[in-house]
Amino acid sequence: MNPSSAVSSDEPLAIRESTTRHHIKNVFLIMMENHNWTGAGSYDIRGNAEAPYINKTLVPMGAHPSRYYNPPHLHPSLPNYLWLEAGTNFGILNDDSIASNSQTTTLHLVTLLKNAGISWKSYNEWANGTICPLGQWHTPFVFFDDVTNYLDADSPYCISHIRPLSELTTDLKYDKTAHYNFIVPNLCHSMHSNCGENPIKQGDTWLSEQVPKILESTAFKDGGVLFIVFDEASVGDGPIPVLILSPYAKRNFTNYTYYNHSSMLRTVEEIFGVAPIMRNASTETDLRDFFSEFP
């Protein structure tokens, strides 16, 4: 399917809460940027000496797909972030402003979660906690009018759900994180930009500082999963790195099934038991193969 045309009209908003007690109940998703898992030389993460924490600590500890791609020809960043939230890019193939790219639909992940009574929060290194960060294209939620109250920088709902990344440490310590936690580092920490040293090294070091806080938290130990997801490949469409850590994840496991961001969205929806499985996510394979127990 051509991602630029992968837009469906909104289906009736069918919401349900799961009646089954799932093993996995807390999701942490860290977004990284613009690298391949393999096939791009110096842009590869797999086996890269500049990424010792990923390769020597996280890979043996958890699971990872070997053939996870951004959706076909889907670049730059914003379309991929929208896809992870809604199962489509709404025809958007740019990183333009919210004013030109905002969406009126309520059929997207965090609204499904809200309507099912499932808490969500985005920890964003760009957020200051006093205004809704309408200028940040790595925060997909602000592109939906029901989150921002139609581009209102003072929207209480937006401000209460998109918080400074600095609050994550305290929230983890006191078990105040949400059930769905979407974590957005800045351009230096996400491996997007060179900020004085190799971008891969910068991001790997940042992960080595942040990930242990999540893994040591009650929310993770008691039914948690951490996905570390790269938004898009630097060369072609991938494969791109995705790491899966959980008490229920298979250790040092991979497979060679094709996945893309629709697979991630479908997996998160299935974990929380919300419906419908949105748009392109309904036709892709979920990530259950990486878990000993799912969901």
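Each value in this text was obtained by applying a stated rule to the coordinates, not by laboratory testing. Owing to the predicted nature of the structure, the values given are computational and were not obtained by experimental measurement. Cβ: placed from backbone, ideal geometry, glycine included. Neighbour counts: every protein chain shown.
Based on the Cβ-Cβ distance from Asn255 to Lys56, what FRET efficiency comes out when R0 is 30 Å, to the nearest 0.05?
FRET efficiency, Asn255 to Lys56: 0.90.
Where in the chain are the DSSP H helices whose C-alpha atoms run 20 Å or more along the long axis and whose mean Kyte hydropathy is at least -1.0? Provide the component values of the computation, followed by the final result.
Details: long enough: 199-215 (23 Å, -0.41).
Length and hydropathy pass: 199-215.
Hey, which lysines would be in cross-link range of Lys25, C-alpha to C-alpha under 19 Å, not counting anything within fewer than 8 residues on its own chain?
Result set, ordered by chain and number: Lys114, Lys121, Lys173, Lys176, Lys213, Lys221, Lys250.
Can you tell me what share of the DSSP beta bridges in the chain is antiparallel? A percent to the nearest 5 is fine.
Details: 6 of 30 bridges.
If I count the DSSP bridges inside the chain, around 20 percent turn out antiparallel.
Which whole-number percentage describes the relative contact order of the chain, with Cα contacts under 8 Å and a sequence gap of 6 or more?
On the way: 653 pairs, mean separation 102.1, N = 295.
Normalised by residue count, the contact order of the chain is 35 percent.
Can you tell me the Rg and Dmax of the stretch 24-290, counting just the alpha carbons, in angstroms?
Here Rg and the maximum Cα pair distance are 16.9, 46 Å.
Relative to the Cα centre, what is the charge dipole magnitude of the stretch 24-290, using +1 at the beta carbon of each Lys and Arg, -1 at the beta carbon of each Asp and Glu, and rounding to the nearest 20 debye? Please report the intermediate quantities before stating the final value.
Values: 17 positive and 27 negative charges, 164 e Å.
So the magnitude is around 780 debye.
Applying 1/(1 + (r/R0)^6) with R0 = 25 Å to the Cβ-Cβ distance of Tyr174 and Ser119, what FRET efficiency is obtained, to the nearest 0.05?
Numbers: r = 15 Å, r/R0 = 0.59.
Once the sixth-power term is evaluated, E becomes 0.95.
Just check the stretch 165-211 against the gyration tensor rule for me: Cα atoms, a ≥ b ≥ c as the square roots of the eigenvalues, rounded for a/c under 1.5, and otherwise prolate or oblate depending on whether a/b exceeds b/c.
On the way: a/c = 3.15, a/b = 2.44, b/c = 1.29.
Note, shape of the stretch 165-211 comes out prolate.
Starting from the Cα of Asn128, step 7 Å along the direction of its Cβ; do the same at Glu209; then give the gap between the two resulting points in nm.
2.2
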